[in-house]
1. Could you give the alpha-carbon Rg of the stretch 162-221 over 2.2 N^0.38 Å, rounded to two decimals?
2. Based on DSSP H runs of at least 4 residues, each adding -39500 (n - 2.57), what is the mean residue ellipticity at 222 nm of the chain after dividing by all its residues, to the nearest 500 deg cm²/dmol?
3. For the stretch 162-221, what is the relative contact order in percent, using Cα pairs closer than 8 Å and at least 6 residues apart in sequence?
4. Nothing charged except the Cβ atoms of Lys and Arg (+1) and of Asp and Glu (-1): what's the magnitude of the dipole of the chain about its Cα centre? Round to the nearest 20 debye.
5. Which pairs, out of Lys181/Lys221; Lys105/Lys180; Lys34/Lys75; Lys44/Lys75; Lys105/Lys205, put more than 18 Å between their alpha-carbon atoms?
6. Charges on Cβ only, +1 for Lys and Arg, -1 for Asp and Glu, centred on the Cα centroid of the stretch 1-110; of Leu21, Gly61, Ala49, which one is farthest towards the dipole's positive end?
7. Which trypsin sites (Lys or Arg not before Pro) from the stretch 84-188 combine a DSSP loop assignment with at most 15 other Cβ atoms within 10 Å?
8. What net charge is computed for the residues neighbouring Ala146, neighbours being all others with C-beta under 9 Å from the C-beta of Ala146, Lys and Arg scored +1, Asp and Glu -1?
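Laboratory data are not the source of any read-out in this text; all were calculated from the coordinates shown. Worth saying up front: this structure is predicted, and the values here are computed from it rather than measured. Here the Cβ positions follow ideal geometry from the backbone for every residue, glycine too, while neighbour counts run over all protein chains shown.
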Amino acid sequence: MTTEEGTDQLMINGQEAFEKLDYTSALQSFSKAKEIFDDNDDEKGQIGALLYIARIYMMTGRPESTTDALKLTIKLQKEIGDDAGVIMTKTNLGIVLEQQGAGEKALSAFQEALQLSLDTGNALMAAASHGNIGSHYRDREEWGSALEEYFNSLDIYMELNEVVGTADQYTNIAYIYVMKKSPDQALVWYYKSLPLYDQAGEDDKAQLVKQNIENLEKQVK
């Protein structure tokens, strides 16, 4: 068996175990594969294994190990010039840091993802990054900053004709107006998001918006 065949089999074993939620076996397989990738200076292989390892750490409640794995992934992605990978991993790092309560570090990760998205013309991830930054401010009740970022995200999604992304930002904007005690304004945006969710077949999101609309309509009568 060649080294490549060995790592291929280890990755397959890890993926199968991961899908079965056998995280211990999955971690063993991916870790062994990474060791071989390390020995052979196979950066793409290292990245593939590390991304799974980070997911396992996250699923098993090991936040520091998760961030370490993601940071190493970003380092390797930069070395091979994988800008799209860096953007996605930076985004995931920001999400993990938010969950850990490291808000400023999370915001920095989201902003770095946004800047790289803009620099490389990745409009879709720029829209997502604006949305993530908006949610960061939302969670800190900085309503003005949250709205600014959600509108920035909305503009891009609309230019891209991204139906679900557009609907999500309509919904995010509506939520801010709910928190600002402006039910009339909130309804305006929920009315915009509902038909888009219906169009996209996003039934769960549509149902939540319908419930919000019903509650708000009672308030404004």
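1. 1.03
2. Working: 11 runs with 189 residues, N = 221.
Counting only the DSSP helices, I get -28500 deg cm²/dmol.
3. On the way: 55 pairs, mean separation 21.3, N = 60.
Computed value for the stretch 162-221: 36 percent relative contact order.
4. Numbers: 20 positive and 37 negative charges, 193 e Å.
Charge dipole, the chain, about its Cα centre: 920 debye, nearest 20.
5. On the way: Lys181/Lys221 15 Å; Lys105/Lys180 27 Å; Lys34/Lys75 15 Å; Lys44/Lys75 12 Å; Lys105/Lys205 30 Å.
Pairs exceeding the cut-off: Lys105/Lys180; Lys105/Lys205.
6. Of the candidates, Gly61 comes out farthest on the positive side.
7. Working: sites: Lys90, Lys105, Arg138, Arg140, Lys180, Lys181; in loops: Arg140, Lys180, Lys181.
Of the trypsin sites (Lys or Arg not before Pro), the ones in loops of the stretch 84-188 whose Cβ has at most 15 other Cβ atoms within 10 Å are Arg140, Lys180, Lys181.
8. With Lys, Arg at +1 and Asp, Glu at -1, the net is -3.
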